[in-house]
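Structure first, then comments.
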Amino acid sequence: MGDMTAQAAVRPRSRTYDVVVRPRSALVRSTALSIAFSAVPLAVALVWVSFPFRLWALMALIVALLAVVVGAAVVRLGTAYVGVDATTVDVRGVLSSSRRIPRDAVDRILLVETYGASVERSVRELVAFAADGEHLFRLRGDVWGDAGLDRIVDELGVTVTEEPKPMTTREFARRWPTSRAWYERSRAFLVIGLLAVLVIGGLLVVETAGLIAA
């Protein structure tokens, strides 16, 4: 959702852009609702059921760590944007650092549809490259909206290449490896796996303690 290689530092309020694109409002709403109606009750339940087994401190720590991660992601989602003016392209991604890219560095744009398990759930993506083929930034339609991608393309007015057929995310990574986001790389999968083990391990500890107490 916006992996870029360029100089960092963006202050959106100090600049006036010709075009500003923000994450889809439906994405922001659905994220907030998912947290409110799923994550929060689950967190409360984990801590509550751990009280009889004196594991509430451990569960509270796990919940607090997860809350920090989720909270940071929500704040980032609410402040993310792509701004284009006469000289620069500023990108504040949801899961990536803020970047400022000289507008004249953008030489061409690739538009491609990617999919994971099913081609019927493809996602439109915009990838910008420099004249030497260096990856500059990448935007996904499921985050910024297809209309948002079109606005960026129209504003930049550079050469656009559109892949005629959808391709798998694996094929995309093979053809343009430098365009992979950090969370699509092997280290990210390891971190996510460790977090999953942490959560599942906490649940197993609570369940085991309950069986022993019974």
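Quick check: anything in segment 102-121 part of a strand (DSSP E or B), of a type in the set (F, W, Y) and in contact (Cβ under 8 Å) with a residue 60 or more places away in the chain? No, the conditions are met nowhere in segment 102-121. Among the residues of segment 122-160, those that are of a type outside the set (D, E), buried (at least 16 other Cβ atoms within 10 Å of the Cβ) and part of a strand (DSSP E or B) comprise V123, R124, L126, V127, A128, F129, H135, L136, F137, R138, L139, R140.
Restricting segment 74-92 to residues that are farther than 17 Å from R15 by Cβ and either touching a residue at least 40 places away in the same chain (Cβ under 8 Å) or β-branched (V, I, T) (or both), which is surrounded by the most Cβ atoms within 10 Å (Cβ to Cβ)? The residue in question is L77.
Coordinate-derived values only; no laboratory data. From a predicted model like this one, the values you see are computed outputs, not experimental measurements. No Cβ is skipped: glycine too gets one built from the backbone with ideal geometry, and neighbour counts run over all protein chains shown.
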